[in-house]
Amino acid sequence: ELVTRLHSVLNDHGIDVSPQFIAARHKIVSECVQFPDRTDRDFYRGFNSTLLTSLGVVPNDTLLDGIFSACSYLPWAPFDDAAALTEIVQPMAVISNFNSQLPELLQGFFGDIFRHIFVSETLGVAKPEVAFYERALSALDCDPAQVLYIGDSVRLDMAPARQTGMQT
């Protein structure tokens, strides 16, 4: 939905960029920008300014306001393939740079499938700091070599998880 809305706003302003290019650049910018636990308009103005620049578009207030209005606070919904998580019998946990509302959101989507949910806002430390992963491992009381960590960011997920000895 996000890429569709970004594409629409750009098209409305006469900017022709493919959805695939938008999605690829959005992923790259997301890898490079540190997200706060709680985002706001100012954060997204900066993020979207960087995204537009990465697309070869000069940011301006009209575009930034249009993107914010069209894309902010989209409803959360799990991808269809996330239903497979409910079939996993091994204990699972989540560590996330998010706020204290994440456990409630995940509970609503999946029930009680996660043994622990660690969020940066609660722990006071965030990805990619190795201390975040170490705190989770300590609470789980398990050998890092026995943990398979799955994430979508090389910088925020894979690199620090590997530093603790987890498989990624």
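Structure data summary
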read-out	value
Filtered residue count, the stretch 25-66, keeping only those that are closer than 30 Å to residue 125 by Cβ and of a type outside the set (S, T, N, Q)	21
Residue selected from the stretch 83-102 under the condition farther than 19 Å from residue 30 by Cβ and open to solvent by less than 50 Å² (accessible area, probe 1.4 Å), by the criterion farthest from the chain's Cα centre (by Cα)	92
Elements of type helices (runs of 4 or more DSSP H) in the stretch 110-168, at least 1 residues being of a type in the set (A, V, I, L, M, F, W, C) and free of Cβ contacts under 8 Å to residues at least 24 places away in the same chain	120-123, 130-140
Unmet requirement for residue 39, which otherwise passes all of (1) open to solvent by less than 70 Å² (accessible area, probe 1.4 Å); (2) in contact (Cβ under 8 Å) with a residue 24 or more places away in the chain; (3) of a type in the set (Ser, Thr, Tyr)	(2)
Residue among 147, 130 that alone is surrounded by 15 or more Cβ atoms within 10 Å (Cβ to Cβ) and in contact with a strand residue (DSSP E or B) (Cβ under 8 Å, 6 or more places away or on another chain)	147
Restricting the stretch 1-29 to residues that are among the aliphatic types (A, V, I, L, M) and touching a Cys at 6+ places or on another chain (Cβ under 7 Å), the residue that is surrounded by the most Cβ atoms within 10 Å (Cβ to Cβ)	6
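The rows are residues; the columns are (1) of a type in the set (Asp, Glu); (2) in contact with a Leu (Cβ under 9 Å, 6 or more places away or on another chain); (3) modelled with pLDDT under 90.
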site: 77; (1), (2), (3): no, no, yes
site: 82; (1), (2), (3): no, no, no
site: 90; (1), (2), (3): no, yes, no
site: 100; (1), (2), (3): no, no, no
site: 106; (1), (2), (3): no, no, no
site: 112; (1), (2), (3): yes, no, no
site: 115; (1), (2), (3): no, yes, no
site: 120; (1), (2), (3): no, no, no
site: 127; (1), (2), (3): no, yes, no
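The values are calculated or read from the model by the stated rules, or taken from the named source; none is laboratory data. For clarity, every value in this text was computed on a predicted model and none was experimentally measured. Neighbour counts run over all protein chains shown; Cβ positions are idealised from the backbone, glycine included. The area values use the complete protein model at the heavy-atom level, side chains included, leaving out ligands, DNA and RNA. Shrake-Rupley method; radii C 1.70, N 1.55, O 1.52, S 1.80 Å.
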